[in-house]
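Everything below concerns the one structure shown next.
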Amino acid sequence: MIKIEINQLMESSGVQFGTSGVRGLVADMTDQVCWAYVTGFLQYLKDNNLVQDGDDVGIAGDLRDSSPRIMNAAAQAVLDSGLQPINYGTIPSPAIALYGLHRSISTIMVTGSHIPDDRNGIKFNTPLGEILKTDEQGIKAQRVSIDHHLFSSKGDLLAGPVLPEMTEAAEQHYIDRFIQFFPKDCLKNKKIGLYEHSSVASVCLKAILQALGAEVTALGYSDKFISVDTEAIRPEDVVLGKKWAKEYQFDCIISTDGDGDRPLISDEFGNWLRGDVAGILCAQYLKIDIVVTPVSSNTAVEKSALFKQVVRTKIGSPYVIEAMNNAQNEGRNNVAGYEANGGFLQHTSINKGSKILMALPTRDAAIVPLSILMLTIKDNTTVSGLLANLPQRFTSSDRLKDFPTHRSQQILANMVVNDDASNLANITELFTNMGKAISLDQTDGLRITFDNGEIVHLRPSGNAPELRCYNEADTEQRSKELNQSCMEILVNWR
């Protein structure tokens, strides 16, 4: 019998908590490591009286090759903890989270989200919703006992498959959520392209769109996992979007990342919207009063004056959820949030006429394109028309891949070691020809505002060994140029 704290397991395995859940290389995410993480999560729930012996625990996964194996390891951990695993199959992360809230059960989603196929991850939801940073600390402190007879020397489970037969209940509940809220046949005259690639959300999205009357054309299906990052759209996807729009004359093209919690939506010309701009339009249609969004999101949300209050946070859904909790505790209504990746978090129920959309305080993709399409109908315009009515601020982002997190942290720390005036002068010199740096924001990473209003935001990724660079300017061309110039500087930091 081996006893180990989850904190120690993080160090020894290389599989660690990131911005949202646990992430690591598939080679490091052995059955034993995954079993231990799930066991630690369930022990934490028991310690806090959130589950009792015999309770159901929902399990779902994305379409990565490694996900079925990890789902089975999770099921074994559930059984060994005296609980009952329920297999909800390959469905979007928000679908399993929603059903967990509906049934008041804890759920586990096996997904690496948008990161490459050689990596994977596990997201945890308590019966009350997505785990927060305080929950994460509690899980890390758990000490688990691993029976070495359960696993091979390589960490493989020795027992046969234990994951039960799949039930479609969670998937159907998620589909029904939108069909029942939006008006019947509301998308009857809309032509929509559905970029499937390897998104686990494609089946749900197609069912929802068709049920609401849209004409849906499936595009780009892949039986091999494709890493689609809605914050760093691949050049080939930029080309495909415009090609498909020209060929089919769509009203828009819709897609998501791998696990269906980050949307991708285009205008009628096939130009992909930035996630934080899509979030503004979604919140506008839903008539949100209090908007919570990370510090990296487009400043058009404040400049639009569409909302009573905008609250800025660190990057990561747990921070957004915490701030939404605070707003609700202060008696605020119509509270929601979104991230720069486009994921929309609905913290309070929304009423439209006699219809109620129950709260879903975790990242969701489906609500975003549906709301934007409804806004085009309401305003009798196109997606590009909606964009033209927003303050013209444009963002671009990219990432320096395979760049160790500790190296990113060290570089950013060295940029702010002196007094403010010296730091600003040094940064102005470092980012030559970009203007004069006038303010620094260290809410998450380092966000630099220049005297011309342009923004450079550097931040180590919480999920992968990457240094992310976010930029904002008054034109799309300038934001891209700014991002390219920054990336040329970052490359020299290797």
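General observations
- Selection over the range 283-337 of residues that are closer than 19 Å to residue 374 by Cα and touching an Asp or Glu at 6+ places or on another chain (Cβ under 7 Å) gives a count of 2.
- Filter pass, residue 456 being farther than 21 Å from residue 294 by Cβ, buried (at least 16 other Cβ atoms within 10 Å of the Cβ), in contact with a strand residue (DSSP E or B) (Cβ under 6 Å, 6 or more places away or on another chain) and not assigned by the TED database to the domain that holds residue 22: no
- Residue in the range 346-361 that is over 16 Å from residue 256 (Cα atoms), surrounded by 21 or more Cβ atoms within 10 Å (Cβ to Cβ) and free of Cβ contacts under 8 Å to residues at least 60 places away in the same chain present: yes
- Here residue 159 fulfils each of the conditions (1) within 30 Å of residue 346 (Cβ to Cβ); (2) not assigned by the TED database to the domain that holds residue 225 apart from (1).
- The range 410-494 holds strands (runs of 3 or more DSSP E) entirely within its bounds, and those carrying 2 or more residues that are under 25 Å from residue 387 (Cα atoms) and touching a helix residue (DSSP H, G or I) at 6+ places or on another chain (Cβ under 9 Å) map to 455-460, 467-473.
- When residue 299 is tested against (1) touching a residue at least 12 places away in the same chain (Cβ under 8 Å); (2) within 26 Å of residue 91 (Cα to Cα); (3) of a type outside the set (Gly, Ala, Ser), exactly one condition is not met: (2).
- Taking the range 456-491 as the range and being closer than 20 Å to residue 437 by Cβ and charged (D, E, K, R) as the test, the residues that pass are 459, 468, 472, 474, 478, 481, 488.
- Some residue of the range 443-451 being over 22 Å from the mean Cα position of the chain (by Cα) and either among the aromatic types (Phe, Trp, Tyr) or loosely packed, with under 15 Cβ neighbours inside 10 Å (or both): yes
- Selection of the range 128-149 for residues being surrounded by fewer than 17 Cβ atoms within 10 Å (Cβ to Cβ) and outside any strand (DSSP E or B) yields 128, 133, 134, 137, 141, 147, 148, 149.
- Test: residue 307 is outside the structural domain of residue 21 (by the TED database) and either within 27 Å of residue 446 (Cα to Cα) or part of a helix (DSSP H, G or I) (or both): yes
- All strands (runs of 3 or more DSSP E) inside the range 313-371 with 1 or more residues being over 14 Å from the mean Cα position of the chain (by Cα) and more than 29 Å from residue 394 (Cα to Cα): 350-352, 355-357
- Residue count for the range 173-206, restricted to those that are touching a strand residue (DSSP E or B) at 6+ places or on another chain (Cβ under 6 Å), β-branched (Val, Ile, Thr) and either at pLDDT below 95 or within 21 Å of residue 117 (Cβ to Cβ) (or both): 1.
- Conditions (1) among the hydrophobic types (A, V, I, L, M, F, W, C); (2) over 19 Å from residue 76 (Cβ atoms); (3) in contact with a strand residue (DSSP E or B) (Cβ under 7 Å, 6 or more places away or on another chain); number of the one not met by residue 150: (2)
- Subset of the range 382-432 that is hydroxyl-bearing (Ser, Thr, Tyr) and either over 16 Å from residue 492 (Cβ atoms) or touching a Phe, Trp or Tyr at 6+ places or on another chain (Cβ under 6 Å) (or both) - its residue that is surrounded by the fewest Cβ atoms within 10 Å (Cβ to Cβ): 422
- Residue match in the range 90-113 (condition: within 16 Å of residue 129 (Cα to Cα) and free of Cβ contacts under 8 Å to residues at least 40 places away in the same chain): yes
The values are calculated or read from the model by the stated rules, or taken from the named source; none is laboratory data. Predicted model, so just to flag it, every value in this text is computed and none were measured. Don't worry about glycine lacking a Cβ; one is built from the backbone with ideal geometry, like all the others, and counts go over all protein chains shown.
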